[in-house]
Amino acid sequence: MTFVSAVAATATAAHTTTTTAATRGFLSPTGVEIAFVLVGLVTFGAALVTVTTRQLVHAALWLVVALGGLAVEYLLLTAEFIAWVQVLIYVGSVVVLLLFGLMLTKAPIGRSPDADSGNRWAALTVAVAAAAALVWVVVDAFRTTWIDLDGPAAGSTEATGASLFQNWVLPFEALSVLLLAALVGAIVLSRKAKAEGAEQTAKGGVR
């Protein structure tokens, strides 16, 4: 009886989702959907400026806008955990690291002619091919899925944490071990390079 009840509940939920998708359609967007499209256009514009500007500092700042726009899109899709991870890791760590790298290497503040390698058409071809592949994969994976933006949060921290540490705990731990191994390897290589440099300096001083 339990199996029959589960099958009946699944069929009812699928029928309800299909009915909701059929009654709403795409010609009556909600406020959340309109905001999603507007934020997506702003994010696309910021990403376009990021890869076309010749000022490195401006490119990094526009990258902040693009990544922040993605975080807002995740919030609109009720994926709050992914949104805050996007802000903390990409906006708060990756972009800050890029800015520090630009400052430490004394990158030019104004327009830099070195920022254009002359391979625009090759880069554009690769970008369009990658975008087409990503769009095809996403559309094919979620072709029959209808996300109710006005319903309960499906990507909350509780739901994501339960899925991560129940269904994906082994890959999560394997990834942590891989990152730890990479960190240990980096430390070993840096210490070896320092030891070789000190040895060569000592030999030069003896001579």
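The values are calculated or read from the model by the stated rules, or taken from the named source; none is laboratory data. Here the structure is a predicted model, which means the values were calculated and not measured. Cβ sites come from the backbone with ideal geometry, for glycine too, and all protein chains shown count toward neighbours. Side chains included, ligands, DNA and RNA excluded: accessible areas come from the protein's heavy atoms. Shrake-Rupley method; radii C 1.70, N 1.55, O 1.52, S 1.80 Å.
Could you run through region 27-79 and say how many residues are crowded, with 18+ Cβ neighbours inside 10 Å, in a helix (DSSP H, G or I) and at pLDDT below 85?
Residues flagged as crowded, with 18+ Cβ neighbours inside 10 Å, in a helix (DSSP H, G or I) and at pLDDT below 85 within region 27-79 amount to 1.
Return the pair list, or none, for Cβ contacts closer than 9 Å from residues in region 82-97 that are more than 8 Å from LEU67 (Cβ to Cβ) to residues that are open to solvent by 60 Å² or more (accessible area, probe 1.4 Å) and outside any helix (DSSP H, G or I), at least 6 apart or on different chains.
From residues that are more than 8 Å from LEU67 (Cβ to Cβ), the pairs are ALA83/LEU77.
Per-residue answers, yes or no, for (1) within 30 Å of ALA35 (Cα to Cα); (2) open to solvent by less than 90 Å² (accessible area, probe 1.4 Å); (3) part of a helix (DSSP H, G or I); (4) modelled with pLDDT of 80 or more:
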site: VAL138; (1), (2), (3), (4): yes, yes, yes, yes
site: ILE147; (1), (2), (3), (4): yes, no, no, no
site: ALA153; (1), (2), (3), (4): yes, yes, no, no
site: LEU164; (1), (2), (3), (4): yes, yes, yes, no
site: ALA174; (1), (2), (3), (4): no, yes, yes, yes
site: VAL177; (1), (2), (3), (4): no, no, yes, yes
site: ALA181; (1), (2), (3), (4): no, yes, yes, yes
site: ILE187; (1), (2), (3), (4): no, yes, yes, yes
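Across region 99-108, which residue is modelled with the highest pLDDT among those that are part of a helix (DSSP H, G or I) and either under 17 Å from ALA71 (Cβ atoms) or open to solvent by less than 80 Å² (accessible area, probe 1.4 Å) (or both)?
LEU99
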